[in-house]
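Student: Pasting in a structure now, in structure tokens, and then I'll have a few things to ask.
The values are calculated or read from the model by the stated rules, or taken from the named source; none is laboratory data. Bear in mind that the values here come from a model prediction, so they are computed numbers and not experimental data. Note that we place each Cβ from the backbone using ideal geometry, even for glycine, and neighbour counts take in every protein chain shown.
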Amino acid sequence: MAEWQELEVSYEQQSESLSIRPETLHAEFAIQADHLHEARDRHTMLLVTAGELPEANLAEIHPMRRLAWMVDELNGLLHPDGLTIPLHGADLDMVELSIGEMNGLRSLKLRIGSDFERIMPLPEDSTEPKATINDGKLELRY
């Protein structure tokens with residue numbers, strides 16, 4: 001018969017990194033991984049551009065649908081009398097807004113720096129737009 005000898009077990013304090021929840025570590029990694037943001041942005045841009053091609057006819061027939069797509073793409077909110085678009089992280093000195101006409105519709109052009117530009121049609125019954133930037137959010141009322 002085999003003899004068993006008791007083995008002493010020492011207890012050590014857990015390190016801090018083991019006490020952090022995996023969800024927190026994953027979120028921290030996602031925030032610090034700059035290359036992932038660029039890949040996601042380019043992927044989103046590709047999907048939006050690809051979605052514009054087959055739906056171009058629908059956008060011509062129902063232009064307010066295009067406005068809803070653009071506001072949704074920018075994580076904004078569409079209101080009955082305007083829209084709100086978050087600009088957190090954007091250099092507000094580089095934000096340019098202009099009103100013009102495109103395809104016979106009054107349109108708003110939002111440009112941030114030289115790399116980002118979106119053109120959104122405004123409703124036909126809209127009044128003269130008024131834009132304010134409040135707490136990092138662009139608020140446009142028409």
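Student: Quick test of your reading of the structure: residue 101 fulfils all but one of (1) touching a helix residue (DSSP H, G or I) at 6+ places or on another chain (Cβ under 9 Å); (2) in a strand (DSSP E or B). Name the failing condition by number.
Tutor: Condition (1) is where residue 101 drops out.
Student: Can we say residue 45 is within 22 Å of residue 116 (Cβ to Cβ) and either at pLDDT below 80 or assigned to a helix (DSSP H, G or I) (or both)?
Tutor: yes
Student: Counting only residues that are on the phi > 0 side of the Ramachandran plot, in contact (Cβ under 8 Å) with a residue 12 or more places away in the chain and within 21 Å of the chain's Cα centre (by Cα), how many does the range 90-142 have?
Tutor: So the answer is 2.
Student: In the set 8, 16, 23, 28, which member is modelled with pLDDT under 75 and either over 17 Å from the mean Cα position of the chain (by Cα) or β-branched (Val, Ile, Thr) (or both)?
Tutor: Values: 8 fails: modelled with pLDDT under 75; 23 fails: modelled with pLDDT under 75; 28 fails: modelled with pLDDT under 75.
Checking each option against the conditions leaves just 16.
Student: For the range 108-122, name all the residues that are in contact with a helix residue (DSSP H, G or I) (Cβ under 6 Å, 6 or more places away or on another chain) and either in a loop (DSSP other than H, G, I, E, B) or charged (D, E, K, R) (or both).
Tutor: 113, 118, listed by residue number.
Student: Moving on. Only one of these conditions is not met by residue 108: (1) within 20 Å of residue 49 (Cα to Cα); (2) surrounded by fewer than 16 Cβ atoms within 10 Å (Cβ to Cβ). Which number is it?
Tutor: Of (1) within 20 Å of residue 49 (Cα to Cα); (2) surrounded by fewer than 16 Cβ atoms within 10 Å (Cβ to Cβ), only one is false for residue 108: (2).
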